[in-house]
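Student: Dumping the structure here so I can ask a few things about it.
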Amino acid sequence: KIEDVPLPGSDELSSLLDACIEERPARESLRNSLTEDLRAKLVRAAMGFTSNEAAEVFFSALMNEKEITEKAIDIILEEKGALVRKSGVLEYVTAEAGTWEIGGLFNLKKWLKERGDAFSPQAARLGLSAPRGILVMGVSGCGKSLCVKAAASFWKLPLLRLDMGRVYDGVAGPPEEAMRKAIKTAEALAPCVLWIDEIEAGIANQLQKQAGGNEARVLALFLTWMQEKTAPVFVGATANEVEVLPPEILRKGRFDELFYMGLPSKDERKEILDIHMRKRNVDPNKYDMEYLAASTEGLNGAEIEQGVISAIFESKSGDGELSEHILANALRNTVPLSRTMRERIQKIEAWARDRAMKASLETL
């Protein structure tokens, strides 16, 4: 008889942490420095390890230490990254500082903030289930992937990226087995965010579904898991061509919400400009931001960022002064995707008008 032994829960991990502290020479100072907040973070970071793995990682994190600090959490998360890599199809993504700093997208930010405590023990005691996931679709370059990273950063959850190419390349085994392994690893590390970029490229479209084969079986496995999963794994998927996805993947119960990201409004473009200028030590208060925002008409977030970078390079090749004129010209000279792919963008907007919530405050 084969039994699936569950991984240790938070209480067992907390006991393992205490046992590890008692084995250290500086046990008294370690105990005194262990706040409830640090204990919760250490236990949460160790979720997904077996008992032996957790004991080893706690031992490594506290080796030669006289007090427990945030450094111990970083060491555990590094080990967790190695565990994820063993799956062969998942990548542990480290959220950058300031990832949550995104221009505009009021509705999407509000949705995420309202669910900020959904993964806490308090929410579980109140009977609130964790959100299942979101599908972010829309214009390329508007920050769909950044939104998924921002959700993990804002909720302070591990971010795992599922590489659908590796699911099908056979290195991690047959596609269905590779997908099961990815799901099991994600559930072991829960609560976490599972990021699937350009889901339409890896999940069977309607034609592939009808034809059967690996893609259709992986789709069936994914749909069943999304519908029945109980582990707090938040799926953040992005799509450029959402209309090719089979309708059953879009219905409520699998994803909580479908968000559409269009071209940014003038106020959003101003906010995006401000963010990218400050990132490069350029003070926006020295410039007429209304004028510069007007110069970005039709640009997406990625294009605005590249315009700022181009202007800085141009100024450094001259007298070193970044003028308003140089900035405005660099932004105006950027050929936007909204011009080169006008018909495609209009088609996306038409599809999303009655099917998706707009990530920004304005209505479609």
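The values are calculated or read from the model by the stated rules, or taken from the named source; none is laboratory data. If you're wondering where the values come from, they're calculated on a predicted model, not measured in any experiment. Cβ sites come from the backbone with ideal geometry, for glycine too, and all protein chains shown count toward neighbours. Each accessible area value is taken on the protein alone, full model and side chains, heavy atoms only, with ligands, DNA and RNA left out. Shrake-Rupley method; radii C 1.70, N 1.55, O 1.52, S 1.80 Å.
Student: Would you check if there is a residue in segment 262-274 being aliphatic (A, V, I, L, M), more than 26 Å from the chain's Cα centre (by Cα) and over 30 Å from I203 (Cβ atoms)?
Tutor: Filtering segment 262-274 down to residues aliphatic (A, V, I, L, M) leaves 263, 272-273.
Narrowing the set further to residues that are more than 26 Å from the chain's Cα centre (by Cα) leaves none.
Taking every residue of segment 262-274 in turn, none turns out to be aliphatic (A, V, I, L, M), more than 26 Å from the chain's Cα centre (by Cα) and over 30 Å from I203 (Cβ atoms).
Student: Another question, if that's okay. Any idea which residue in segment 75-89 is nearest to P174 (Cα to Cα), counting only those that are open to solvent by 10 Å² or more (accessible area, probe 1.4 Å) and not aliphatic (A, V, I, L, M)?
Tutor: Restricting attention to segment 75-89, the residues satisfying the condition of being open to solvent by 10 Å² or more (accessible area, probe 1.4 Å) are 75, 77-79, 82-83, 85-86, 88.
Then drop every residue that is not not aliphatic (A, V, I, L, M), which leaves 78-79, 85-86, 88.
Details: E78: 28, E79: 27, R85: 18, K86: 16, G88: 12 Å.
Only one residue tops the list, namely G88.
Student: Also, quick follow-up: So D117 clears everything in (1) modelled with pLDDT of 85 or more; (2) exposed (fewer than 15 other Cβ atoms within 10 Å of the Cβ); (3) not in a helix (DSSP H, G or I) except one condition, right? Which one?
Tutor: Checking D117 against (1) modelled with pLDDT of 85 or more; (2) exposed (fewer than 15 other Cβ atoms within 10 Å of the Cβ); (3) not in a helix (DSSP H, G or I), the one that fails is (1).
Student: What number of residues within segment 38-74 satisfy the criterion of being more than 17 Å from T185 (Cβ to Cβ), of a type outside the set (D, E) and part of a helix (DSSP H, G or I)? So that I can check it myself, show each step before the final result.
Tutor: Taking segment 38-74 and keeping what is more than 17 Å from T185 (Cβ to Cβ), we get 38-43, 51-52, 55-56, 58-74.
Checking the rest, the ones that are also of a type outside the set (D, E) come to 38-43, 51-52, 55, 58-64, 66, 68-69, 71-73.
Then keep just the ones that are part of a helix (DSSP H, G or I); that gives 38-43, 51-52, 55, 58-62, 71-73.
Residues flagged as more than 17 Å from T185 (Cβ to Cβ), of a type outside the set (D, E) and part of a helix (DSSP H, G or I) within segment 38-74 amount to 17.
Student: If I filter segment 311-322 for residues that are of a type in the set (D, E, K, R), touching a Ser or Thr at 6+ places or on another chain (Cβ under 7 Å) and either open to solvent by 60 Å² or more (accessible area, probe 1.4 Å) or closer than 30 Å to P247 by Cα (or both), do I get at least one hit?
Tutor: At the first step, the residues of segment 311-322 found to be of a type in the set (D, E, K, R) are 314, 316, 319, 321.
Now drop any that are not touching a Ser or Thr at 6+ places or on another chain (Cβ under 7 Å), which leaves 321.
Next, from what is left, pick out any that are either open to solvent by 60 Å² or more (accessible area, probe 1.4 Å) or closer than 30 Å to P247 by Cα (or both): 321.
Yes, the conditions are met somewhere in segment 311-322.
Student: What number of residues in segment 1-29 are modelled with pLDDT of 75 or more, of a type outside the set (G, A, S) and over 33 Å from the mean Cα position of the chain (by Cα)?
Tutor: Pass one, segment 1-29, residues modelled with pLDDT of 75 or more: 8-29.
Those left that are additionally of a type outside the set (G, A, S): 8, 11-13, 16-18, 20-25, 27-28.
From what is left, the residues that are over 33 Å from the mean Cα position of the chain (by Cα) are 21-25, 27-28.
Within segment 1-29, residues that are modelled with pLDDT of 75 or more, of a type outside the set (G, A, S) and over 33 Å from the mean Cα position of the chain (by Cα) number 7.
Student: Check A211, A216, A239 and return the single one that is over 23 Å from I345 (Cβ atoms) and either at pLDDT 90 or above or in contact with a helix residue (DSSP H, G or I) (Cβ under 9 Å, 6 or more places away or on another chain) (or both). Steps first, answer last, please.
Tutor: Values: A211 fails: either at pLDDT 90 or above or in contact with a helix residue (DSSP H, G or I) (Cβ under 9 Å, 6 or more places away or on another chain) (or both); A239 fails: over 23 Å from I345 (Cβ atoms).
None of the other options fit; the residue is A216.
Student: Can you work out which of the residues in segment 75-100 that are within 18 Å of K149 (Cβ to Cβ) and assigned to a loop (DSSP other than H, G, I, E, B) is modelled with the highest pLDDT? Spell out how you get there, then give the answer.
Tutor: Residues of segment 75-100 that are within 18 Å of K149 (Cβ to Cβ), as a first pass: 77, 80-81, 84, 90-100.
Right, trim to assigned to a loop (DSSP other than H, G, I, E, B) and you get 94-100.
Details: T94: 75, A95: 65, E96: 62, A97: 49, G98: 52, T99: 53, W100: 60.
Per the criteria, the residue is T94.
Student: Any residue in segment 156-173 that is part of a strand (DSSP E or B) sitting within a Cβ distance under 7 Å of a residue that is of a type in the set (G, A, S)? List the pairs, counting only those 6 or more apart or interchain.
Tutor: Matching pairs, first to second residue: L159/A95; L159/A152; L160/A186; L162/A182.
Student: Tell me the residue from A150, A61, A72, A55 that is buried (at least 20 other Cβ atoms within 10 Å of the Cβ), small (G, A, S), touching a Leu at 6+ places or on another chain (Cβ under 7 Å) and modelled with pLDDT of 80 or more, please. Break it down stepwise before answering.
Tutor: Details: A150 fails: touching a Leu at 6+ places or on another chain (Cβ under 7 Å); A61 fails: touching a Leu at 6+ places or on another chain (Cβ under 7 Å); A55 fails: buried (at least 20 other Cβ atoms within 10 Å of the Cβ).
After applying the criteria, what remains is A72.
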